[in-house]
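Structure first, then comments.
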Amino acid sequence: DSGVTQTPKHLITATGQRVTLRCSPRSGDLSVYWYQQSLDQGLQFLIQYYNGEERAKGNILERFSAQQFPDLHSELNLSSLELGDSALYFCASSVGNEVHNEQFFGPGTRLTVL
Amino acid sequence: GENVEQHPSTLSVQEGDSAVIKCTYSDSASNYFPWYKQELGKGPQLIIDIRSNVGEKKDQRIAVTLNKTAKHFSLHITETQPEDSAVYFCAAKDSGGYQKVTFGIGTKLQVIP
C-alpha cells in the first residue's frame with residue numbers, strides 16, 4: 001500500500017458526460033501528479049500541483065482540469081467525455097516539488113466511457 | 001519535448017536467468033532516469049533511478065546503466081524470480097523548466113518458473 005488513495009476505483013459513464021476523480025496524497029506529501037494510462041499511449045503525465053499551485057503541465061486536454069485543495073487532496077475533472085478518454089487514471093504524490101523526489105502512485109481509477 | 005523509446009515490449013525468461021530492458025531518449029540535457037515496476041492491478045512503483053552524473057547504479061538484483069553519449073539507459077535484473085513478473089517502465093526527466101518525466105511504452109516481463 002503506497003499510502004495514496006483514489007476514488008472511485010471504477011467509473012462507467014457515457015459520452016458527453018463529466019466526471020470527477022479524487023486523490024488523497026500520502027501524509028506529509030505536498031505534490032500531487034495526475035497520469036493517464038491507456039493501452040496505445042502508455043503512461044502520460046497530465047499535470048502536477050505543489051501545495052495548492054499548478055507546477056507542471058503535460059499533455060492535458062482543455063476538457064480536463066484539476067485542482068489541489070488546502071487539505072492537499074486533489075481532483076481531476078474530465079468533461080465532454082469521449083470514447084478515447086477511457087483509460088486508467090493514476091494519481092501520485094511526493095514530498096517535494098522536484099521530479100527526483102520519489103513519486104508514490106495510487107491504485108488508479110478505471111474510467112470507461114460508453 | 002522528450003521522447004523515450006523502450007524495447008522489447010514483451011520479454012519471457014526462465015527463472016534464474018537475467019533480463020535486460022533498454023531505453024533511448026532524445027533530449028541530451030535530460031539528467032534523471034527512473035524505472036518503475038507495475039504489477040497487475042496496481043499503480044507503478046519506483047524500483048531504481050539514476051542521475052546523469054553516474055554511469056551505473058546497483059540495488060541487490062537490479063542494476064541500471066546509463067550511456068549519455070549514446071542516450072541509452074538499461075535495466076538489468078539478475079537471478080529473476082516469478083515475482084519479478086510485471087510491466088516495467090523507463091522514464092526520462094524533461095530538461096525544460098517543467099519538473100516532469102516522459103515514460104517509455106513499457107515492457108511486460110514474464111518469468112517462467
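Values for this structure:
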read-out: Any hit, the stretch B:22-43, residues being more than 25 Å from A:Tyr35 (Cβ to Cβ) and of a type in the set (A, V, I, L, M, F, W, C); value: no
read-out: Pair list, Cβ under 7 Å, 6 or more apart: the stretch A:53-64 residue within 13 Å of chain B (Cβ to nearest Cβ) and closer than 25 Å to A:Gly96 by Cβ, other residue modelled with pLDDT of 90 or more and surrounded by fewer than 16 Cβ atoms within 10 Å (Cβ to Cβ); value: none
read-out: Residue within the stretch B:71-78 that is under 14 Å from the mean Cα position of the chain (by Cα), assigned to a loop (DSSP other than H, G, I, E, B) and among the charged types (D, E, K, R) present; value: yes
read-out: Filter result (in contact (Cβ under 8 Å) with a residue 24 or more places away in the chain and under 12 Å from the mean Cα position of the chain (by Cα)) within the stretch A:32-46; value: A:Val32, A:Tyr33, A:Trp34, A:Tyr35, A:Gln36, A:Gln37, A:Leu43, A:Leu46
read-out: Cβ pairs under 7 Å, 6+ apart, first in the stretch B:54-83 and free of Cβ contacts under 8 Å to residues at least 24 places away in the same chain and under 20 Å from B:Ser28 (Cα atoms), second surrounded by 16 or more Cβ atoms within 10 Å (Cβ to Cβ) and among the polar types (S, T, N, Q); value: B:Gly55/B:Thr65; B:Glu56/B:Thr65; B:Thr65/B:Ser74
read-out: Only one of B:Ser95, B:Ser85 that is within 14 Å of chain A (Cβ to nearest Cβ), within 24 Å of A:Phe90 (Cα to Cα), polar (S, T, N, Q) and over 10 Å from the mean Cα position of the chain (by Cα); value: B:Ser95
read-out: Wholly enclosed strands (runs of 3 or more DSSP E) of the stretch A:50-114 bearing at least 3 residues of a type in the set (Lys, Arg) and at pLDDT 95 or above; value: none
read-out: Every residue from the stretch B:20-54 that is of a type in the set (D, E, K, R) and either within 21 Å of B:Thr10 (Cβ to Cβ) or more than 12 Å from every other protein chain (Cβ to nearest Cβ) (or both); value: B:Lys22, B:Asp27, B:Lys37, B:Glu39, B:Lys42
read-out: Flag if A:Val4 is more than 11 Å from chain B (Cβ to nearest Cβ) and of a type in the set (Val, Ile, Thr); value: no
read-out: Tally, over the stretch A:7-28, of residues that are modelled with pLDDT of 95 or more and within 21 Å of B:Pro34 (Cβ to Cβ); value: 3
read-out: Any chance B:Lys57 is within 14 Å of another protein chain (Cβ to nearest Cβ), more than 30 Å from A:Thr109 (Cα to Cα) and assigned to a strand (DSSP E or B); value: yes
read-out: A:Thr15 vs. criteria surrounded by fewer than 15 Cβ atoms within 10 Å (Cβ to Cβ), in contact (Cβ under 8 Å) with a residue 24 or more places away in the chain, among the β-branched types (Val, Ile, Thr) and touching a Leu at 6+ places or on another chain (Cβ under 8 Å); value: yes
read-out: Residue within the stretch B:7-15 that is in contact (Cβ under 8 Å) with a residue 24 or more places away in the chain, surrounded by 13 or more Cβ atoms within 10 Å (Cβ to Cβ) and within 14 Å of chain A (Cβ to nearest Cβ) present; value: yes
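The values are calculated or read from the model by the stated rules, or taken from the named source; none is laboratory data. Everything numeric in this text was worked out from a predicted model, so none of it was measured. Positions of Cβ are backbone-derived with ideal geometry, glycine not excepted, and every protein chain shown enters the neighbour counts.
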